[in-house]
Amino acid sequence: MRKSIDGLLLEIPPEVYDPAEDSFLLAENVVINKGERVLEVGSGSGYVTLFLAKKFPFSEFFCLDINFQATKSTQDNAYQNDVSCHIINCDLLQPLFSQERFFDVVLFNAPYLPVIEEGLLEKAWAGGKSGMDVINKFLLQLSKVLKKTGRCYLVYSSLAESTQFEKQLQKLQFEKRITDHLKLAREKIFLCEISFKK
Ligand SMILES: C[S@@+](CC[C@H](N)C(=O)[O-])C[C@H]1O[C@@H](n2cnc3c(N)ncnc32)[C@H](O)[C@@H]1O
């Protein structure tokens, strides 16, 4: 499917997440400073990164996704919209551990629904039994790639079971601030900012 959003021309294959309310919540609330290195985890079509790269052009953007169709889609859409970014096809952050604390900003509109599904497209929303399975794994890895002065913007849902997530934030010396939310029919979608405790 081809569509135009916020001045970006996007080609979105059927196996790739079509940008929705949660994508817009993330894209519209993030501020990037000049020269910062930004990593988007789970870039899907690339919409969020392309939107931010156009808005904050003097920064360096990296994207990754577990779905190879999504990484290809990010790459094609970046080319189509004349945006430069580095793109990796991988599962979360482990391949980036060798570049210790490399990123100023990490973004993740995560799979956050409490469902177990395995397909390529379904990985966009299936957050396992708790809804937080992917997020909990991500959080453990985040502390290895985020600069001590950096920040992470994460999207999740009120439908997810967040006890383990909250415990892990404490353990890893992170603090969390809800910066915005959306009310949908059956859930609230939160955007939070995570940073190391000062
Ligand atoms: C809700 S979609 C968001 C897509 C895009 N960022 C947006 O906002 O429109 C979540 C994305 O995370 C990716 N994803 C899920 N699990 C992942 C993992 N373990 N590692 C990397 N990417 C993952 C999915 O393939 C999907 O593209």
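Rule-based calculations on the coordinates, nothing more; no lab input. Every value quoted in this text rests on a predicted model; they were computed, and no experiment measured them. FYI the Cβ positions are ideal-geometry reconstructions off the backbone, even for glycines, and counts take in every protein chain you see.
Points to keep in mind about this one:
- Annotation: the residues CYS63, CYS85, sorted from fewest to most other C-beta atoms within 10 Å of their own C-beta, follow the order CYS85, CYS63.
- This ranking places ASP104, ASP65 by how few other beta-carbon atoms lie within 10 Å of each, fewest first, which gives ASP104, ASP65.
- Relative contact order for the range 2-196: 19 percent, from Cα pairs under 8 Å spaced at least 6 residues apart, divided by residue count.
- Antiparallel %, DSSP beta bridges [both residues in the chain], to 5: 50
- Range in the chain, longest, excluding exposed GluC sites (Glu not before Pro) [loop by DSSP; at most 10 other beta-carbon atoms within 10 Å]: 1-99
- Computed over the alpha-carbon atoms, the range 2-196 gives an Rg to Rh ratio of 0.93, Rh here being the Kirkwood radius from the mean inverse distance.
- Straight-distance crosslink candidates among lysines, where the alpha carbon sits under 22 Å from LYS54 and sequence neighbours closer than 8 are dropped: LYS3, LYS34, LYS72
- Dividing the summed helix terms, -39500 (n - 2.57) for each DSSP H run of n ≥ 4, by the number of residues in the chain produces a 222 nm estimate of -8000 deg cm²/dmol to the nearest 500.
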